[in-house]
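Worksheet: one structure, shown below.
Please treat every number below as a calculation from the coordinates, not as lab data. Given the structure is predicted, the values throughout are model-derived calculations rather than measurements. Backbone-built Cβ (ideal geometry, glycine too); neighbour counts: all protein chains shown.
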Ligand code: HEM
């Protein structure tokens, strides 16, 4: 599916780009090529009109320059935030919107400064026993079944379990809550704030529950992130702010990590050569994951709003204009990567923008990579052979924001002899 792109009377490159359409879900890789060839910054009339940053250099510039390209809703702009169009009623998500990803500047930076040490590479290395124990526990359960869903039975419960323990949410079974929060992020109707949707109710109950946890940790701290935030010097954070940080973590972690695991395991099912390479040398898994972040593109793009008139790639952007940073197109840009459409775990792909860039780059980047590495390692160590019937895979039909698997059943065709595997 190719895009028709033409210059209009005022010289802007215009195309009928609709990132919510089925055509886009089916043909986006070709569209990226057309867009990059047309220019680094192209205009779409959809959803009230927005710019698209199409190549690596300009997507990175939009992400990095948060003083110019903001996540906030500025005076005079049609809408703000990281989605185009902005979800209706998003403001109800948290009282006074305490989710820090809706802010640039101090409000955001204070939250990140408090959270970053708990998600640093070093801290994540210390979490290795928790990660391994959680993966083993979930694998023990699902491998008995012979067939299970990679997202809902394996990867999502693993991520939810690890984040629940690390943050100190204290939920007995965190997976349903994580799932409900994520559904809220996707369901436009739930975003209307009507308040009757069961998902909204779950969110509100979860918000109240997190408030209780924060208050409990203020008086009786434990060894977890909520306690550290609740005990911060001078009572830096209000209960609402800590609840907002918790929701930010759940929103960030909930389905992205599980979707990425599903991308990697479905790919490996189809590519015995790559699977054999990882089985022979599991130390290649981190490089496989880095290339996977470049190639699979779970994060399909984020929006910003121009705070001032600015030149981007030779195009005049006006204050208040919306801009869509097309992350997967950047990651597949031939100006940066040779044969970008080929998966090559030997390529140095560390510059990928799969976790964004700049001040809003992913808080959980190290954790996500460690979890997915443990998922892959766990499956390859314990399963001798598995298969995934492509006919049974269901992808989300709207790829405007995240590339997910709604259904990804894995069939176990042979288990490893564990004693032999351990040798
Ligand atoms: C493979 C899995 C993941 C992918 C692909 C991913 C991707 C991203 C991307 C692209 C952004 C930037 C959004 C923007 O610029 O507007 C982001 C932000 C964020 N991510 Fe992740 N993420 C993943 C896993 C996680 C995990 C496990 C956590 C849990 C800690 C997490 C927490 C966050 C948070 C809190 C933000 C907002 C950061 C801010 O605004 O300062 N993510 N993620």
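Select from 292, 364, 39 the residue whose mean-square fluctuation is largest in a Gaussian network model of the chain (Cα-Cα springs shorter than 10 Å).
Evaluated over the chain, the most mobile residue of the options is 39.
Is it possible to state the helix-based mean residue ellipticity at 222 nm for the chain, with each DSSP H run of 4+ residues giving -39500 (n - 2.57), the sum divided by total residues, to the nearest 500 deg cm²/dmol? What is it? Write out the running numbers ahead of the final one.
On the way: 16 runs with 188 residues, N = 423.
So the helix-based figure for the chain works out to -13500 deg cm²/dmol.
Top mean-square fluctuation among 172, 26, 381, Gaussian network model of the chain, C-alpha springs under 10 Å?
172
Using the 10 angstrom Cβ neighbour count as an exposure proxy, how do 203, 337 rank, fewest first? Could the numbers behind the result be given before it?
On the way: 203 24, 337 21.
So the residues, fewest neighbours to most, are 337, 203.
Of the peptides 311-318, 132-139, how do they stack up when ordered by the mean number of other Cβ atoms within 10 Å, highest first?
Values: 311-318: 14.8, 132-139: 18.4.
So the peptides 311-318, 132-139, ranked by packing, come out 132-139, 311-318.
Using only Cα positions of the chain, each an equal point scatterer, no hydration layer, compute I(q)/I(0) via Debye at q = 0.11 Å⁻¹ and quote the log10 values to two decimals.
For the chain at q = 0.11 Å⁻¹, log10 I(q)/I(0) is -0.86.
Which order results if 400, 350, 183, 283 are arranged by neighbouring Cβ count within 10 Å, fewest first? Walk me through the numbers on the way to the answer.
On the way: 400 21, 350 10, 183 18, 283 7.
With the sparsest Cβ surroundings first, the list reads 283, 350, 183, 400.
When the chain is modelled as a GNM with alpha-carbon springs shorter than 10 Å, which of 354, 206, 341 fluctuates the most?
341
Given the chain, what percent of its DSSP beta bridges are antiparallel, to the nearest 5?
Here the share of antiparallel DSSP bridges comes out near 85 percent.
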